[in-house]
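The structure appears below as C-alpha cells.
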Amino acid sequence: MSSKGSIKVFESAEALAAGIADFIMLDAAQVIADTGRYSLVLSGGSTPEALFRLLAEPRYASGLDWAGVHIFWGDERAVPLHDERNNAQVALDLWLSKISIPSGNIHRIQSDRPAQEAAQEYERDIRTFFGKQKISFDLVLLGLGSDGHTASLFPRSGLLDERQAIVTAGFIPAQDMDRITMTLPLLNDAAKVIFLVSGKSKASIVQSIVHDAPGHEPYPAQMINPHSGGLYWFIDRAAAAQLL
C-alpha cells in the first residue's frame with residue numbers, strides 16, 4: 001500500500017511517548033536552525049497525553065528554544081476551551097502552560113464559536129501564519145480511531161470530500177456533535193505526518209490499514225499520504241499485536 005509509510009514499533013506506551021518526544025526535539029531543532037521557526041500540529045484524544053506530560057519535564061522543557069515553535073491542532077470538538085473534551089485545553093494543562101512558549105505561538109481553534117465560523121477563522125489564522133510561503137506544516141501528529149477516522153475525518157463523512165477549504169466543520173453523527181478539522185489537502189501538504197497509535201483496542205484497525213484489507217472503501221486514515229513522502233507510524237506493541 002503506497003500510503004503505508006514507515007512503521008516503528010515501541011515496547012510500551014511510555015517508550016512510544018519518549019520516541020515521539022525525541023523525534024519532535026530533533027526535528028524542531030533542525031528546522032529552526034534552517035528556517036527560524038517550526039510548525040507543529042497536535043492531535044487530540046487520550047493517546048498524546050503521555051507525550052504532553054513528558055514534554056513538560058525539565059529535560060524537554062529546557063532542551064529546545066520553544067519561542068521558535070508554533071503549535072496548531074488538527075481538529076477540535078465544538079466545545080468551549082475549558083470543557084474537558086477540548087483538545088487544546090488538555091495540551092495546555094499537561095504541557096504548554098508549563099514551558100516557556102509565547103502565547104502568540106499557540107494557535108488554538110476558537111471552538112466556543114459556531115463551528116463553521118471557527119473553521120473559517122482558523123483557516124485565516126493558518127494562511128496569515130504562512131503568508132506568501134507554501135502552506136506546509138513541518139510536522140503533523142495524528143491519532144487513529146477504531147473506525148479508521150483521523151483528525152475529525154470520519155468514514156463516509158462529507159468532510160472527506162472538501163478540496164477547496166483547508167479547514168472545515170460539520171456535524172458528526174457518531175459523535176453527536178459538531179467538529180472542526182483540517183482537511184485532507186492541508187494534511188497531505190505537510191512535510192511530515194506521524195500517526196501516534198497506542199493500545200490493544202487499535203490492533204485490528206492498524207492491521208487492516210497496514211495490510212490494506214480488501215473489500216472496503218478506504219479508511220480516512222488511508223487517505224493521508226503526504227506529497228513529501230514523509231509518513232510515519234509510531235505504535236506501541238499492543239497496537240501492533242496483529243502485525244507481529
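The values are calculated or read from the model by the stated rules, or taken from the named source; none is laboratory data. These numbers were taken from a predicted model, which means no experiment stands behind them. FYI the Cβ positions are ideal-geometry reconstructions off the backbone, even for glycines, and counts take in every protein chain you see.
Only residues that are part of a loop (DSSP other than H, G, I, E, B) and either touching a His at 6+ places or on another chain (Cβ under 9 Å) or among the acidic types (Asp, Glu) (or both) were counted in region 5-35, giving 1. Applying the criterion of at least 3 residues that are touching a residue at least 24 places away in the same chain (Cβ under 8 Å), under 14 Å from the mean Cα position of the chain (by Cα) and buried (at least 16 other Cβ atoms within 10 Å of the Cβ) to the helices (runs of 4 or more DSSP H) found wholly in region 102-217 leaves 184-188. Can you tell me which residue in region 28-70 is nearest to Gly104 (Cα to Cα), limited to those that are of a type in the set (Phe, Trp, Tyr) and out of contact with any Leu (no Cβ under 6 Å at 6 or more places or on another chain)? Of everything passing the filter in region 28-70, Trp66 is nearest to Gly104 (Cα to Cα). Taking region 84-101 as the range and being surrounded by fewer than 17 Cβ atoms within 10 Å (Cβ to Cβ) and either of a type in the set (A, V, I, L, M) or in contact with a strand residue (DSSP E or B) (Cβ under 7 Å, 6 or more places away or on another chain) (or both) as the test, the residues that pass are Arg85, Ile99. Within region 5-22, if we keep just the residues that are of a type in the set (Gly, Ala, Ser) and out of contact with any Leu (no Cβ under 6 Å at 6 or more places or on another chain), the residue that is surrounded by the fewest Cβ atoms within 10 Å (Cβ to Cβ) turns out to be Ser6. Is it the case, given these coordinates, that Ala67 is in contact with a Pro (Cβ under 8 Å, 6 or more places away or on another chain), free of Cβ contacts under 8 Å to residues at least 40 places away in the same chain and either under 24 Å from Leu184 (Cβ atoms) or in a helix (DSSP H, G or I) (or both)? The answer is yes for Ala67. Residue count for region 225-239 under the criterion of being surrounded by fewer than 23 Cβ atoms within 10 Å (Cβ to Cβ), in a loop (DSSP other than H, G, I, E, B) and either in contact (Cβ under 8 Å) with a residue 24 or more places away in the chain or among the basic types (Lys, Arg) (or both): the result is 7.
Conditions tested, residue by residue: (1) surrounded by 20 or more Cβ atoms within 10 Å (Cβ to Cβ); (2) modelled with pLDDT of 95 or more; (3) not small (Gly, Ala, Ser).
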position	(1), (2), (3)
Ile24	yes, yes, yes
Ala28	yes, yes, no
Ile32	no, yes, yes
Thr35	no, yes, yes
Ala56	no, yes, no
Asp75	yes, yes, yes
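Of all residues in region 77-86, none are assigned to a helix (DSSP H, G or I) and basic (Lys, Arg).
Filtering region 45-83 down to residues that are touching a strand residue (DSSP E or B) at 6+ places or on another chain (Cβ under 8 Å) and of a type in the set (D, E, K, R), which residue is farthest from Thr150 (Cα to Cα)? Lay out the reasoning, then the answer.
Filtering region 45-83 down to residues touching a strand residue (DSSP E or B) at 6+ places or on another chain (Cβ under 8 Å) leaves 47-48, 51, 68-79, 83.
Add one more test, that the residue is of a type in the set (D, E, K, R), and what stays is 75-77, 83.
Details: Asp75: 9, Glu76: 12, Arg77: 13, Asp83: 21 Å.
This residue is Asp83.
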